[in-house]
Amino acid sequence: ATLWGCRPALPNPSIRFCGSLRMIRPDGTMLPHSECPMADVLRTGIPVRDQEVIVECPDGIRHIVLVNIIPSLAEDKAVLGAINIFFDITERKQAQADLLAANAHLEQRVRERTHELSKANEELTQKVQDLERFHDLVVNRELKMIQLEREMARLQGENERLKARLRFLLIP
């Protein structure tokens, strides 16, 4: 009665198999009382284990339940009745939905951070390449300066030799 949100008045042919206002399949389609798990077990004698059903109360509140029904059989295997045990798993399903939502949010954040890090890595790679080019320019310039200094030193030495020779030739 708590799960159904009402206490059904008996006997009532409209609640022959279930006292809830409405039942809904996990896919969202309506589940007529005449096709509910209890009706199936009473028709077939085949037990139902952990079948998920959504039960809607008169106030619109919905509960998700796992239904377990065992038929009571006569010696000749005729169905005499059935025992229905169900578990309200609404909170568990909500926790699962919350967990899935949190996981989706975290996955989105990971994708965003991965994109940000990838972009930062590209920028860093570009800066490293720029620094390498700058380094090459500086090294090449230094090498040219060293070559020019050596050439100047050689030319100064040549100039000194020429001056000395010129002095030797000009001395009377």
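Amide H to amide H under 5 Å from Q51: which residues, 5+ apart in sequence or cross-chain, H placed 1.01 Å off N in plane?
Residues meeting the criterion, in which the H sits 1.01 Å from N, are V67.
Excluding same-chain residues fewer than 8 positions from K119, which lysines have a Cα within less than 16 Å of its Cα?
K127
Please work out the average accessible area per residue across the chain, using the 1.4 Å probe convention, and give it in Å².
With all protein chains present, the chain gives 79 Å² per residue.
Give me the percent of accessible area attributable to carbon and sulfur for the stretch 18-81, probe 1.4 angstrom.
Here it works out to 55 percent.
Note down the nm distance, to one decimal, between modelled labels 7 Å out along Cα→Cβ at N159 and at I70.
11.4
Kirkwood Rh, the stretch 125-172, all Cα pairs: how many Å?
Roughly 13.7 Å, rounded to one decimal.
Using the Cα atoms of the chain, I'd like the radius of gyration and the largest Cα-Cα distance, Dmax, both in angstrom.
Cα only, the chain: 45.3, 151 Å (Rg, Dmax).
How large is ³J(HN,Hα) for each residue in the stretch 89-96, as worked out from phi by the Karplus curve 6.51 cos²θ - 1.76 cosθ + 1.60 (θ = phi - 60°), to whole Hz, x for Gly and Pro?
With coefficients 6.51, -1.76 and 1.60, one gets 10, 4, 5, 5, 5, 5, 4, 5 Hz.
The values are calculated or read from the model by the stated rules, or taken from the named source; none is laboratory data. Quick caveat: nothing in here was measured; it's all calculated off a predicted structure. A quick note on method: Cβ atoms are made from the backbone with ideal geometry, for glycine too, and the neighbour counts reach across all protein chains shown. Remember, those area values only see protein heavy atoms, side chains included, never the ligands or the DNA or RNA. Shrake-Rupley method; radii C 1.70, N 1.55, O 1.52, S 1.80 Å.
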